[in-house]
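Note sheet for the following structure.
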Amino acid sequence: MGLALVSLAASAWAQQAAPALAAVAALPDAPNAQGSPATSSSDQTASGSVQGVVTDRDGTVCEGAHVALVQASSVKTTTSDSSGRFDFTSVPAGAFQLTISSDGFQSRTVSGVLGAGANYEAPPIALLVTIAASEVRVSASQQEIALEQVREEEEQRVLGFIPNFYVSYAPDAPPLTSQQKFQLAWKSLIDPITLLGTGFSAGLEQANNSYSGYGQGAEGYAKRFGANYADNFIGSMLGGAILPSLLKQDPRYFYKGTGTTRSRLLYVIASAVICKGDNGHWQANYSVIGASLATGGISNLYYPAANRNGVSLTFENAGMGIGQSAIQNFFQEFVVRKLTPKLPHFGPPKP
């Protein structure tokens, strides 16, 4: 009896509410069983994300790499950040393909399948350097070339032990920097063979009683040794470093090695009074001439009073210095190369 009354009441309510429900259903935005809100919610649940990291072969992250995500009906693009990461959001579930490219690197393609609502973390994507990018030509600077050649010249020794630093066998040797000029002069002055040569010269002077004002015995020998070394030191520093740096001249002898004997002899003689400037042009060798005159003048300060001839001694020493340069150049051009076992390989000399 009670159930029958409830059934009759429900039936009556339905009949009264039917017109109102029909009116609501007739509205344009009225929801129904296949309405858009339900579909939108389902799409949002099905989408996910795809992310990963782009590096090079050594594991260094690649910033700014171009990343494209391709699916059947869409293409999304982005770039990797400062950490090499990229991130695609709201990606529909299904198969996809990632294409990664960057300047100087070979492109990479990675495929995957994104599950509904999943977050896909791609394995680290390492880009390889392209062949064109890896072919890099490196050109050494003039200073670097000069430094290497100075190192080679510091190994040049006649008969394997006599220093021969001030000759260049390079056909196109770049100019030395001021630092390299001082380095070469200093290395020459402190070489043990230089000291032995100075001692031998002092011994000959003592044996001949040259510069008798120095006397004999150990004191006389020490004075002669000091005077000889002072001449060598002043001449080397002035003529090989200080003046060449100020006047921008090269203190080295440049081996010719080609031509007739006559042309090489003329070159040897000329090289005693001319030199190559740092600009590559030949010019008067003011460095050697000035150093010879200065050395002669300064030597008046420590030579015995009896042997000081003022201007005469100055020009005498200057002339001797230029003459010695010519003799040294002759041996450099015709003899020394054959007696030097360790020579740099700079290629054939210029004709």
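The numbers here are math on the coordinates, done by the rules we state, and not lab data. Keep in mind the model is a prediction, meaning the values are calculated, not measured. Here Cβ is always computed from backbone atoms with ideal geometry, including for glycine, and neighbour counts include all displayed protein chains.
For the stretch 46-132, what's the relative contact order in percent, using C-alpha pairs closer than 8 Å and at least 6 residues apart?
Numbers: 219 pairs, mean separation 34.1, N = 87.
Relative contact order, the stretch 46-132: 39 percent.
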Whole-Hz couplings from phi, Karplus 6.51/-1.76/1.60, listed for the stretch 256-264; x for Gly and Pro: 8, x, 9, x, 6, 4, 4, 5, 6
Kirkwood Rh (inverse of mean 1/r, distinct Cα pairs), the stretch 46-132, angstrom: 13.0
Amide H partners (placed H, <5 Å) of TYR253, local residues excluded: VAL167, SER168
Lys, Arg +1 and Asp, Glu -1 on Cβ, resulting dipole of the stretch 64-200 about Cα centre, debye, nearest 20: 300
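Can you quote the Å³ per residue value for the convex hull of the Cα atoms in the stretch 142-339, rounded to an integer? Before the final figure, lay out each step's value.
Details: hull volume 24.5 nm³, N = 198.
Each residue corresponds to 124 Å³ of Cα convex hull volume.
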VAL75, VAL61, VAL167 arranged by Cβ crowding within 10 Å, fewest neighbours leading: VAL75, VAL61, VAL167
Derived scalar couplings ³J(HN,Hα) [the stretch 231-240; Karplus, 6.51 cos²θ - 1.76 cosθ + 1.60; whole Hz; x for Gly, Pro]: 4, 5, 5, 5, x, 5, 5, 6, x, x
Whole-Hz ³J(HN,Hα) from phi, Karplus 6.51 cos²θ - 1.76 cosθ + 1.60, for the stretch 118-127, glycine and proline x: 8, 10, 9, 9, 6, x, x, 9, 9, 8
Other-chain or far-sequence residues with amide H under 5 Å of TYR120's (modelled H): SER49, VAL50, GLN51
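How large is the Kirkwood hydrodynamic radius of the stretch 185-278, counting all unique pairs of alpha carbons, in Å?
Working: mean 1/r = 0.0639 Å⁻¹.
About 15.7 Å, per the Kirkwood formula over Cα pairs.
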Sequence-distant residues sharing a close amide H with ASP278 (under 5 Å, placed H): GLN249, ASP250
Nonlocal Lys pairs with alpha-carbon distance under 29 Å, the stretch 142-339 (8 or more apart, or different chains): 15
